[in-house]
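Peer 1: Let me give you the structure first, and then I'll get to my questions.
The values are calculated or read from the model by the stated rules, or taken from the named source; none is laboratory data. Since we're looking at a predicted model, the values are computed, not measured. Counting neighbours? That spans all protein chains shown, and the Cβs are built from the backbone with ideal geometry, glycine included. Accessible surface areas use protein heavy atoms only, side chains included; no ligands, DNA or RNA. Shrake-Rupley method; radii C 1.70, N 1.55, O 1.52, S 1.80 Å.
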Number of protein chains: 2
Amino acid sequence: MRSIDCNTQVCAVIGNPIAHSLSPAIHNAAYEFLDLNFVYVACPVEDVKGALAGMRAIKNFRGMSVTIPHKIEVMKYVDEIAAVDRNIGSINTVVHEQDKLIGLGTDGMGALKALVDNGVAIDGKNILMLGAGGVARAIAFTLALNTRLKELSLIDINENQLQELTTDLKAGTDAVIKSGGVSENTLSTEMEKADLIINCTPIGMHPNVDASLIPPGLFRPEQVVFDVVYTPLETKLLAEAKSCGLKTIPGVEMFINQAALQFEHFTGVDAPVGVMRRVVMEQLDHQS
Amino acid sequence: MRSIDCNTQVCAVIGNPIAHSLSPAIHNAAYEFLDLNFVYVACPVEDVKGALAGMRAIKNFRGMSVTIPHKIEVMKYVDEIAAVDRNIGSINTVVHEQDKLIGLGTDGMGALKALVDNGVAIDGKNILMLGAGGVARAIAFTLALNTRLKELSLIDINENQLQELTTDLKAGTDAVIKSGGVSENTLSTEMEKADLIINCTPIGMHPNVDASLIPPGLFRPEQVVFDVVYTPLETKLLAEAKSCGLKTIPGVEMFINQAALQFEHFTGVDAPVGVMRRVVMEQLDHQS
């Protein structure tokens with residue numbers, strides 16, 4: 001690592017727990033690769049308000065990544081949040097600009113970039129989104145506002161959460177939104193017309209790796225499946241879709257992109273995405 | 001440098017300005033030498049209260065060095081301060097122990113260690129201290145409480161400051177304290193009986209290097225002179241004392257020891273003083 005001096009800018013991820021965060025490894029490797037005078041640390045935090053007061057007081061505390069369980073509460077302690085992120089209702093990034101703390105989210109744009117970079121067409125397509133929680137909100141708003149998708153169908157077992165996201169999307173975007181509960185019937189109807197399926201639920205995540213929401217019989221080879229889960233790198237959903245001939249986009253691509261976007265907000269420099277991808281892959285290999 | 005991960009403990013120096021602090025170089029070199037999972041950054045801070053709130057919230061924000069102008073104000077925001085440090089009236093160190101912030105000073109003990117390590121006898125000796133400001137308070141209380149000095153004479157041009165320290169020392173310690181203003185008469189009388197002279201004023205500090213409070217004609221070869229000023233490494237006072245055959249202790253020894261004591265409070269490990277000294281000397285050479 002580059003040695004630290006009085007001009008070093010400090011960035012951190014806050015969350016609780018934080019013990020398995022990949023962020024220090026990813027960001028520090030990118031700083032080192034570009035010889036930037038930055039350092040990135042992982043901080044276990046319960047008192048979000050205090051942590052943000054500290055960020056405000058420490059003038060070279062340049063950037064903060066915010067993770068579970070603080071992505072919603074942290075919005076109270078920043079000075080500015082873009083309309084889209086207020087609609088999404090959570091942020092994962094705080095940037096210290098002069099005397100202001102600017103909050104923003106990079107999950108939605110990270111997901112969109114993962115799709116675009118992998119050549120997935122979205123304009124004019126039907127999208128089926130599984131789940132209506134925090135990540136779903138970020139991706140749904142980003143796609144609805146930044147693409148010309150044909151129809152976005154939402155499915156969740158949590159009726160309240162589903163209704164809330166549906167209402168908010170209808171109020172905040174011009175996209176065509178449909179929503180329904182999870183039944184075999186809904187799923188098979190939706191799968192018949194879906195071009196792109198996005199899993200935003202934790203189903204299939206380590207250690208419950210032997211679970212998937214979609215029966216393989218519903219896949220069609222021309223569909224694309226994107227799973228936000230990235231532990232394991234290939235979820236059961238992705239593995240089954242791939243074996244049915246579908247194109248698949250692993251969640252790790254979104255994870256890398258959201259970190260790269262944070263990096264760019266913190267440093268003002270294009271992220272060395274290849275370096276960051278390599279570190280993520282090494283770390284995930286190491287953890288598994 | 002050791003790579004940073006989710007178990008890395010964070011330390012920092014706060015102050016304003018902080019651009020020329022040697023602390024990041026010193027502490028990081030010591031961490032690296034002992035392969036400790038710590039990192040030390042320099043943080044420009046005006047809002048001390050906010051910075052301490054941040055330290056409290058960030059559970060792995062383990063240690064803080066506090067420098068000008070925050071050494072007094074910071075006392076308001078810690079949970080515990082030893083009686084000696086309350087008497088001194090300023091601290092330069094905050095340690096995060098579980099959920100408590102403990103404030104303490106290492107300047108006084110750093111000075112005492114510099115004297116002891118250099119074989120300077122203090123028990124039964126007359127000490128003449130020039131200056132009654134913050135550093136003088138730390139050293140005077142430390143010597144008065146930890147040695148069996150014969151008499152401590154204080155001289156300062158600031159009558160209020162001098163009176164305050166004299167009163168506080170008489171109330172807080174059993175040492176024999178004398179004090180007077182600065183006149184040629186006082187100085188020559190005091191120099192006649194002094195065994196150890198300690199300069200705690202900024203006289204002689206860069207860029208005003210051609211100044212010294214003591215006319216060389218007053219020196220006796222059996223005296224010892226200690227100057228807390230360490231830029232330049234050899235002040236005019238020390239150079240003249242040395243050329244009159246006196247033993248001299250440079251301020252950099254106190255500076256190194258106060259940092260080493262902070263290091264030990266932060267890490268719980270014996271400081272690699274040789275490594276820290278080498279870094280300080282390199283940095284001071286580099287700055288001069």
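Peer 1: What share of the DSSP beta bridges in segment A:108-249 is antiparallel, in percent to the nearest 5?
Peer 2: Taking every DSSP beta bridge with both residues in segment A:108-249, the antiparallel ones total about 0 percent.
Peer 1: Considering only protein heavy atoms, what per residue accessible area in square angstrom results for segment B:4-75 with a 1.4 angstrom probe?
Peer 2: 35
Peer 1: Can you compute the FRET efficiency between B:K100 and B:E46 using 1/(1 + (r/R0)^6), with r the Cβ-Cβ distance and R0 = 22 Å? Round to the nearest 0.05.
Peer 2: My answer for the efficiency is 0.35.
Peer 1: Moving on. Can you give the FRET efficiency to the nearest 0.05 for B:S243 and B:I72, using r as the Cβ-Cβ distance and R₀ = 56 Å?
Peer 2: 0.90
Peer 1: So if I place +1 on the C-beta of Lys and Arg and -1 on the C-beta of Asp and Glu, and nothing else carries charge, what would the dipole magnitude of chain A be about its Cα centre? I want it in debye, nearest 20.
Peer 2: 220
Peer 1: Chains A and B: how much accessible area gets covered up at their contact, both sides added, probe 1.4 Å, in Å² to the nearest hundred?
Peer 2: The A and B chains share an interface burying roughly 2300 Å².
Peer 1: Follow-up. Mind checking the full-extension length gain between B:K170 and B:N146? Use 0.36 nm per residue of separation minus the Cα-Cα distance, one decimal, nm.
Peer 2: That works out to 7.2 nm of additional length.
Peer 1: Can you give the alpha-carbon Rg of the protein assembly as shown over 2.2 N^0.38 Å, where N counts its residues?
Peer 2: Against the compact-globule rule of thumb, the ratio is 1.26.
Peer 1: One decimal, nm, shortest first: give the distances between the label point of B:P215 and those of the same position in the other copies, each label point 7 Å from Cα along Cα→Cβ.
Peer 2: 10.6
Peer 1: Rank A:P221, A:P272, A:P207 by mean-square fluctuation in a GNM of chain A with C-alpha springs under 10 angstrom and give only the top-ranked residue.
Peer 2: A:P207
Peer 1: Same structure, new question: With the label 7 angstrom out along Cα to Cβ, how close does B:A121 come to the same site in each of the other copies, in nm, nearest first?
Peer 2: 9.6
Peer 1: If I take all pairs of Cα atoms in chain B, what percentage of them are more than 23 Å from each other?
Peer 2: Result for the distance tail: 55 percent.
Peer 1: OK, next. Which one of A:T142, A:Y31, A:Y77 is farthest out on the positive end of the charge dipole of the protein assembly as shown, using unit charges on Cβ (Lys, Arg +1; Asp, Glu -1) and the Cα centre as origin?
Peer 2: After comparing all options, I get A:Y77.
Peer 1: For segment B:94-109 and segment A:29-105, what is the separation of their Cα centres, given in Å?
Peer 2: The two parts, judged by their Cα centres, are 28 Å apart.
Peer 1: Another question, then. Can you give the Kirkwood hydrodynamic radius of segment B:95-215 from its Cα pairs, in Å with one decimal?
Peer 2: Hydrodynamic radius (Kirkwood, Cα only) of segment B:95-215 equals 15.2 Å.
Peer 1: Any idea what the dipole of segment B:171-270 comes to, in debye rounded to 20, about its Cα centre with Lys/Arg Cβ at +1 and Asp/Glu Cβ at -1?
Peer 2: 160
Peer 1: Shifting gears a bit: What is the helix-to-structure angle for A:107-117, meaning the angle in degrees between its Cα long axis and the longest Cα principal axis of chain A, kept from 0 to 90 and rounded to the nearest 10?
Peer 2: With rounding to tens, the tilt is 70 degrees.
Peer 1: With springs only between Cα atoms under 10 Å apart, run a GNM on chain A and tell me which of A:P216, A:P232, A:P250 wobbles the most.
Peer 2: A:P216
Peer 1: Compute accessible area for segment A:57-98 by itself and then with all protein chains, 1.4 Å probe, and report residues whose area falls by 20 Å² or more.
Peer 2: The answer is A:A57, A:I58, A:K59, A:N60.
Peer 1: So, for segment B:108-249, what is the accessible surface per residue at a probe of 1.4 Å, expressed in square angstrom?
Peer 2: 45
Peer 1: Would you please give the FRET efficiency between A:E80 and A:V120, computed as 1/(1 + (r/R0)^6) with r the Cβ-Cβ distance and R0 = 30 Å, to the nearest 0.05?
Peer 2: 0.40
Peer 1: Report, for B:G133, each distance to the same residue's label point in the other copies, shortest first and in nm; define the point 7 Å along Cα→Cβ.
Peer 2: With the label placed 7 Å along Cα→Cβ, B:G133 yields 5.8 nm.
Peer 1: Taking the Cα centre of segment B:108-249 as origin, work out the dipole magnitude from +1 charges on Lys and Arg Cβ and -1 charges on Asp and Glu Cβ, in debye rounded to 20.
Peer 2: Taking the Cα centre of segment B:108-249 as origin, the dipole is about 300 debye.
Peer 1: Would you jot down the residues in segment A:1-20 that end up with at least 20 Å² less accessible area in the complete protein assembly than in the chain alone, with a 1.4 Å probe?
Peer 2: A:M1, A:I4, A:C6, A:V10, A:A19
Peer 1: Please report the carbon-and-sulfur percent of the accessible area for segment A:108-249; probe 1.4 Å, protein heavy atoms only, DNA, RNA and ligands left out.
Peer 2: Ligands and nucleic acids excluded, carbon and sulfur give 52 percent.
Peer 1: Another question about this same structure. Give the residue from B:V225, A:L162, A:I14 lying farthest towards the positive end of the charge dipole for the protein assembly as shown; charges sit on Cβ (+1 for Lys and Arg, -1 for Asp and Glu) and the dipole is referred to the Cα centre.
Peer 2: The one lying farthest along the dipole's positive direction is A:L162.
Peer 1: Show me the chymotrypsin sites (Phe, Trp or Tyr not before Pro) within segment A:217-285 that DSSP assigns to loop and that have at most 13 other Cβ atoms within 10 Å of their Cβ.
Peer 2: Taking segment A:217-285 and a limit of 13 other Cβ atoms within 10 Å, no loop chymotrypsin sites (Phe, Trp or Tyr not before Pro) are found.
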